[in-house]
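Asker: One structure, as structure tokens, below. Some questions next.
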Amino acid sequence: WEAAAAQEGVDGSMLSHYRKLLAIRAAHKELFARADRTVLAMSDEEGYDIVKRAYGDDAVYIALNLGSEVKSVTVAVELAAGTVLTDLYGGGSYTVSETGELTLPIPAAADGGTMILRVEPPAPPAPDSNPAVIAAIVIAAAVAAGAVAVVMILRKKKA
């Protein structure tokens with residue numbers, strides 16, 4: 001515990017590393033507790049591992065590097081070209097190539113050796129700008145306003 005206390009506030013320390021991992025796990029409990037794990041790429045010789053964890057519609061890609069230097073690895077993923085993934089561990093974002101691949105610069109072990117990439121949620125759909133839809137909405141609003149006016153007139157007549 002003394003060693004952990006000495007690492008308090010030290011960026012890049014083992015304590016900092018585990019705090020980041022625990023915070024990510026807490027933010028995505030179901031995914032890390034119940035997800036299926038699929039190995040996408042690994043090399044014992046080069047000291048890296050890339051896995052996908054998926055549960056329902058949620059997925060993360062985890063890349064680990066045990067080496068002393070940054071390891072650049074390209075891996076095929078089942079995501080549409082242009083899909084953006086955000087690194088929950090180290091920040092930054094990565095985009096799936098036209099060929100359905102991600103190229104990841106996995107940090108050296110001394111720098112955490114970890115990437116946890118999550119697919120960015122899709123942007124909400126833009127309001128429909130189809131003139132026919134807009135006209136239908138305006139007509140529906142006018143009809144509703146007219147109905148309210150008729151009800152108010154009938155209530156006044158009863159009073």
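The values are calculated or read from the model by the stated rules, or taken from the named source; none is laboratory data. Bear in mind that the values here come from a model prediction, so they are computed numbers and not experimental data. A quick note on method: Cβ atoms are made from the backbone with ideal geometry, for glycine too, and the neighbour counts reach across all protein chains shown. Protein only, heavy atoms only, side chains kept; ligands, DNA and RNA dropped before computing areas. Shrake-Rupley method; radii C 1.70, N 1.55, O 1.52, S 1.80 Å.
Asker: Leaving out same-chain residues fewer than 8 places away, which aspartates and glutamates sit with a Cα under 12 Å from that of Lys29?
Answerer: Correct list for Lys29: Asp58.
Asker: Here's another thing I want to ask about it. Output the relative contact order of segment 20-109, whole-number percent, from Cα pairs under 8 angstrom with separation of 6+ residues.
Answerer: Reported as a whole number, the value is 24 percent.
Asker: Now for a different question. What does the net charge come to around Ile24 if you take all other residues with beta carbon closer than 14 Å to its beta carbon, with K and R at +1 and D and E at -1?
Answerer: +3
Asker: Count the net charge of all other residues whose Cβ sits under 14 Å from the Cβ of Ala41, scoring Lys and Arg as +1 and Asp and Glu as -1.
Answerer: -3
Asker: Largest first, how would Ser13, Ser97 line up by accessible area (1.4 Å probe)?
Answerer: Final ranking, largest accessible area leading: Ser97, Ser13.
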